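**Student:** Mind looking over this structure? Questions follow.
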Amino acid sequence: MEPDVLLPTEPMRQWIFDLWRAAGSGEAEARLTADHLVGANLAGHDSHGVGMVGRYVRSLQAGGLQLNQRLSVITDTETMLVVDGNRGMGQSMAFQAMGLAVERARRTGVAVMGLRHSHHIGRVGHWAEQAMAAGFASIHFTNVVGRPSTAPHGGRESRFGTNPLTIGLPRRDGPPILLDFASTAIALGKVAVAYNRGAQVQPGVLIDHLGRPSTDPAVMYEEPLGAMLTAAGHKGYALAMVCDLLGSALFGGSLPPLEQGVPGFYNNMLAIVFDPARFGAGEAFEREADAYIRYIQSAQRTDPDQAIEMPGDFERRNRVQRARALPVDPGTLRGLDEAAAAVNALRGSALAPASALI
């Protein structure tokens with residue numbers, strides 16, 4: 001297995017900005033995309049970070065990803081919104097959509113917003129963090145429309161995506177609580193990272209094309225294809241179905257499989273954004289949350305050297321550790337260099353390869 005390389009964090013952020021500017025994105029879109037992708041690596045979620053650049057560029061080349069789009073408002077009843085992303089850059093589409101939802105929640109106390117037909121929106125926890133930064137709680141049901149990756153419970157063929165559930169709870173007197181996980185045993189991007197590294201994944205994550213357990217990530221990328229397994233068996237399967245129906249079909253979004261001949265990969269998301277202060281129990285919440293967290297963390301540990309973490313601690317710890325440099329596997333680095341070459345060929349630009357940052 002080839003060792004990871006370290007890419008300096010801020011130069012990498014600038015490199016991705018420059019790449020999307022060269023590809024045709026406006027300044028704001030390029031900045032949002034660079035901040036989001038680097039932010040995912042900073043948070044420790046390499047599966048949704050800079051390694052996505054190559055897939056986005058290939059989608060752009062194929063006519064899937066549409067740059068510099070604005071949301072189209074389809075339905076607006078003040079507290080309920082449906083907006084269409086027009087296959088636009090997901091980092092921009094979701095930012096715009098969450099901005100609308102936060103603005104409505106500020107006026108009315110709550111907003112239920114459906115974002116449909118957006119290109120890949122990346123790490124969904126980022127959008128809960130956008131709401132929490134404004135003082136709002138949020139719940140997100142997200143579906144994935146592309147090549148199906150995950151088998152239903154009891155099946156051996158892929159029928160849906162990794163469909164995550166995300167919840168953000170802001171706190172006045174302590175770190176926010178952030179729940180953000182796929183309905184699969186692990187995120188598909190984490191399988192891609194293992195594949196790029198030439199590593200195995202843990203048992204209970206994948207099956208091969210015959211339905212046999214596998215730890216080889218190649219079953220997701222080399223024919224004949226296998227499938228991912230849902231988290232907690234039938235429970236993750238049920239959650240994935242709810243994310244497809246509630247987080248997409250309910251407000252006119254699409255379901256897998258991706259329509260034949262349509263390139264790229266897309267997300268639909270239902271976000272419920274609300275102002276916790278409107279409950280009038282802010283003092284009680286802070287008091288009870290603090291006592292509850294201390295009680296949870298007072299449990300005897302199975303490993304005395306490992307802390308009992310709260311949802312969101314993983315991301316906060318990684319942001320400190322990775323502030324100066326991001327570990328990137330060699331396969332991802334090659335993909336970044338290929339993406340730069342593709343943009344240069346497409347637009348006649350002269351972007352340097354990412355490997356020049358080492």
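**Student:** Hey, could you check the range 196-225 for residues that are in contact with a His (Cβ under 9 Å, 6 or more places away or on another chain) and either farther than 14 Å from residue 156 by Cα or free of Cβ contacts under 8 Å to residues at least 40 places away in the same chain (or both) and say which is surrounded by the most Cβ atoms within 10 Å (Cβ to Cβ)?
**Tutor:** Only one residue fits best here, namely 219.
**Student:** Another question, then. What residue, among those in the range 312-349 that are part of a loop (DSSP other than H, G, I, E, B) and touching a residue at least 12 places away in the same chain (Cβ under 8 Å), is farthest from the chain's Cα centre (by Cα)?
**Tutor:** This residue is 349.
**Student:** Residue 138 is checked against (1) in a loop (DSSP other than H, G, I, E, B); (2) of a type outside the set (A, V, I, L, M, F, W, C); (3) more than 29 Å from residue 63 (Cα to Cα) and fails just one. What number does that condition carry?
**Tutor:** Of everything listed in (1) in a loop (DSSP other than H, G, I, E, B); (2) of a type outside the set (A, V, I, L, M, F, W, C); (3) more than 29 Å from residue 63 (Cα to Cα), residue 138 misses just condition (1).
**Student:** Name the one entry in 58, 31, 13, 70 that is farther than 29 Å from residue 179 by Cα and either in contact with a Ser or Thr (Cβ under 9 Å, 6 or more places away or on another chain) or not in a strand (DSSP E or B) (or both).
**Tutor:** Going through 58, 31, 13, 70 in turn, just one is farther than 29 Å from residue 179 by Cα and either in contact with a Ser or Thr (Cβ under 9 Å, 6 or more places away or on another chain) or not in a strand (DSSP E or B) (or both): 58.
**Student:** A follow-up question, please. With respect to residue 72, is the statement that it is within 19 Å of residue 262 (Cα to Cα) and either at pLDDT 95 or above or more than 17 Å from the chain's Cα centre (by Cα) (or both) true?
**Tutor:** no
**Student:** I've got another one for you. Just give me the residues in the range 45-83 being surrounded by fewer than 17 Cβ atoms within 10 Å (Cβ to Cβ) and either aliphatic (A, V, I, L, M) or in contact with a Phe, Trp or Tyr (Cβ under 6 Å, 6 or more places away or on another chain) (or both), in sequence order.
**Tutor:** Listed by number, the residues that qualify are 62, 73, 74, 80.
**Student:** Looking at (1) crowded, with 21+ Cβ neighbours inside 10 Å; (2) aliphatic (A, V, I, L, M); (3) within 16 Å of residue 342 (Cα to Cα); (4) out of contact with any His (no Cβ under 9 Å at 6 or more places or on another chain), which is the only condition residue 22 fails?
**Tutor:** All conditions pass for residue 22, except number (1).
**Student:** Return the residues of the range 155-176 that are surrounded by 19 or more Cβ atoms within 10 Å (Cβ to Cβ) and within 17 Å of the chain's Cα centre (by Cα); say none if nothing qualifies.
**Tutor:** 160, 161, 162, 163, 164, 165, 166, 168
The values are calculated or read from the model by the stated rules, or taken from the named source; none is laboratory data. Here the structure is a predicted model, which is why all the values come from computation and not from measurement. Here Cβ is always computed from backbone atoms with ideal geometry, including for glycine, and neighbour counts include all displayed protein chains.
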